[in-house]
Structures are given as structure tokens and as C-alpha cells.
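The values are calculated or read from the model by the stated rules, or taken from the named source; none is laboratory data. Computed from a prediction, not measured in an experiment: that's the story for all the values here. As a convention, Cβ positions derive from the backbone with ideal geometry for all residues, glycine included, and neighbour counts pool all protein chains shown. Each accessible area value is taken on the protein alone, full model and side chains, heavy atoms only, with ligands, DNA and RNA left out. Shrake-Rupley method; radii C 1.70, N 1.55, O 1.52, S 1.80 Å.
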Amino acid sequence: MADTSISVHMTVNSLALRRGGLVNAVMRRANVLAGSGDVGQVWLEVLSPQPSLDSDVEALRKSGHLHPKVNARSVLRLLDPSATNSPRRGGPRPPLPEGHRLVSKPGTLEIMRDGVLQAVERRDAGGRLKYVDHYSSAAVRERRDEFDAYGRLSRLLDFTPTGRLGAERLIGQNGRAFLTMHYANGSPKWTRVYLGDDQVFLAGSVGEVYVAAFARALAGFSRPILFSEFRENLNNLPDLNLDAIVARVPHPNLRRVAVAHSNHHGSPYRRGAPVTRNWLTFLDSTDY
């Protein structure tokens, strides 16, 4: 008999058709649970900022890879104070620079002025705007404006003069940045994280931001089950890995499940090799 008070929340870093075995395994498990009707709701909680998430989920449903009853959302976007349940379609977008417009190939529009590249606009096969890259007078990319499936500005990527990613800003439904992540010395890992308009609050760690996001994600559920699907430290999880984050999420009735997808051995990754630090930490902190 179905227990509709139970909700299942499985974690993936990103969600799309062309992803590795972990994502496919999580989707298959979510599909089975949603199809069984044994629980109230099944959610895929996506960790990375993924402006194309809604259109990617739409493609997964159309192709039969994702059950219609499996919900998916971006965890970090739950921190948007201006968010509503019904996404505002469209909305203002940064103006393109003035100049000569040249269609270099299908879906790609280049904007030139006095022989210098100003911006490149890219659309998908369906004509939806994906992003706009802005260039300096030296033809160095300075910023990328990314748009979601509704044509709304979703994320800004700022690049250093050497072309490396320097910061990214998540844009709320009100058009303002609500979360800013900085990169240091060309590293792909997030370092300083600011939460709030105009960078008013510096989070103590990236992991704390995810703990707050999951707390908000689960607040409306009476009996949630939250899965930790991997042990690795990702670029967007440089300080606390997912196990540590899931362990810190506050909820009076939360049940936590750790899933083993990968090899627990370090180099040379075979029987007899040392167990990795994250696996040891997990085992030392778990009652089993």
C-alpha cells in the first residue's frame, strides 16, 4: 500500500541525456519508484547550476528516459528569495552591443563593429536562446549571459583577462544575483561564496550553502528520504562532500541513505589498495 507521506530525494550533480553511469543509475531507480506508486513523491535534486535544466528534463521525458512522475529541480535555485512556484516566462535581457550582425552558422549570430568581434549569440536547434558571449576590444571573452528554457537570464559567467573563469552569478526571477561563486588562481573549484543581493553575506563554506538549500528543499515534506549518491569532492563541493552535507541537513523526520556507486580504493584502484579518505570518513561517522 502506498505511503503518500514519504518523499524520496535523490541527488545528481547534473541531469541530461548524455551523462555517465551514475546519473543513469539514479534516473532508473527514480523511475522505478515513481512508477510503483509506493511513495508520495520522487525528486531528483540537481546540485550544479544548470540553466538548461528545464529543457533537459523536457527532452528526457520525451525520449522516455525520465518517468512523468519524477520531479527535478536545481537545489541552489531554492535560495532565490524572489522565486515563485510558477516561473515567469521571458523577461528583460541585457542588450546586445551595436554593430553588424553576421550569421556564421545555423544558430550562431556574431556581432561585429569596425571589424572587431563584440558578441556571439547562440541558439539551440529549436531556436531557443542559450547564451550570449561578450568580448573585449582585444577579442577576449569577458562575460557569458546564460538563459533558461523560458528565455530568462539565468546565470552570468565572468572571465579573467587570461580567459579563465573568475566568478559566476546565479540570477533570480527578479533579475538580480542571489548567489555568487568566485574562483581563485584559475582553479575550477569554487572558493568564496556570497549569498544575497549585492554580495551582502559571505558564506563560511560552499557546503554550508548546500545545507541551507537542502533544508529549504525538504521543509515542506513530512517524511523525506535524502540520498547521498557519491563520495567525491567535486568542483562545486570542494570543502564538504555530499555525505557531510546530507548528514548536516536539519529535519525532524529525515532519513538519510548513502549509496555506493564507485570504487572505494585509491590508487592503483584495485583490491589491497588504500581506502580513500572520503570513504574512511564516511565509515567512521556512520552507524551501521
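Ignoring ligands, DNA and RNA, please state the percent of accessible area on region 1-65 from carbon and sulfur, probe 1.4 Å.
The value for region 1-65 is 54 percent carbon and sulfur by accessible area.
Take each uninterrupted DSSP H stretch in the chain, measure its Cα extent along the helix axis, and return the ones at 27 Å or beyond whose mean Kyte-Doolittle hydropathy is at least 0.0.
For the chain, where a helix must reach 27 Å along its axis and average at least 0.0, there are no hits.
7 Å from Cα along Cα→Cβ at both residue 4 and residue 205: what's the point-to-point distance in nm?
About 4.0 nm, to one decimal.
How far is it, in nm, from the label point at residue 124 to the one at residue 59 when both lie 7 Å from their Cα along the line to the Cβ?
About 0.6 nm separates the two model spin labels.
Need one number: % antiparallel among DSSP beta bridges in the chain, to the nearest 5.
70
When the scattering of region 18-176 is computed by the Debye formula from its Cα atoms alone, each counted once and equally, what is log10 I(q)/I(0) at q = 0.10, 0.13, 0.19 Å⁻¹?
-0.47, -0.74, -1.25
Describe numerically, in nm with one decimal, the distance between label points set 7 Å from Cα along Cα→Cβ at residue 273 and at residue 137.
Inter-label distance under the simple model: 5.3 nm.
Taking every alpha carbon pair in region 165-261, what does the distance histogram look like in 5 angstrom bins from 0, in percent?
2, 13, 19, 21, 18, 15, 9, 2, 0
I'd like to check one number: the per residue accessible area of the chain, probe 1.4 Å, reported in Å² as a whole number.
Result: 53 Å² of accessible area for each residue.
Taking the C-alpha atoms of the chain, how large are the radius of gyration and the largest Cα-Cα span, Dmax, in Å?
20.8, 70
Just tell me which lysines come within less than 18 Å, Cα to Cα, of residue 130; anything on the same chain fewer than 8 places away is out.
Hits, sequence-local ones excluded: 105.
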